[in-house]
Structures are given as structure tokens and as C-alpha cells.
Amino acid sequence: MTKISAGSYDLNKWLFGGYETDIVSVVYGGSGTGKTNFCLLAAISQAKKGNKVIFVDTEGGFSVERVRQIAGEDYEKALKNIFLLKP
């Protein structure tokens, strides 16, 4: 089974190697519990590796400033590989 990094050593450990590929993973919880941060961590991790990411933002939680905080100096490289959809 192929997995992708969750963007965090601890998350990868808890997920036994990361998120599974070829399936839809649902992250749920109350407001302010970190759901968007989990998604941003994984998206930025993949984008920094040169992989293309589709980020579907249904609630306006995507923040370029947050991407900058997480990605550091490579944030522009990461943003070039993240395609933001706001349905």
C-alpha cells in the first residue's frame, strides 16, 4: 500500500506511514480543532516535493500566510504546486 506523508513525523507515526493513496480520507471535528492545518501540512509536504496538489476549500480556510508559516522560505515553490478550488 502506497502512502503519502502527512507532513509531520508524529502524524506519520500515528497513521502508520501517512495517508493512504487512491482513497478519500475524511478529517472531521469541531470548529478550531486543526482540520485545515492537517490538510495544509500534507498539501505543503507534497507540493515542496514537486507534486501537484488540488486543495478544495469549501469554507474559506485556506490562508497564504499560514502556508508561509508552515513552508518557510520555500512557500512560493509550494504555492506554485497547489491548485486552490473554492466551490
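Computed quantities for the displayed model
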{"quantity": "Qualifying position, being in contact with a Cys (Cβ under 9 Å, 6 or more places away or on another chain) and either surrounded by 14 or more Cβ atoms within 10 Å (Cβ to Cβ) or in a loop (DSSP other than H, G, I, E, B) (or both), among V67, V27", "calculated": "V27"}
{"quantity": "Conditions (1) in a loop (DSSP other than H, G, I, E, B); (2) more than 18 Å from S63 (Cα to Cα); (3) of a type outside the set (D, E); number of the one not met by G32", "calculated": "(2)"}
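Rule-based calculations on the coordinates, nothing more; no lab input. Please read these numbers as outputs of a predicted model, since none were measured by experiment. Quick reminder, even Gly has a Cβ in these numbers, built from the backbone with ideal geometry, and neighbours come from all protein chains shown.
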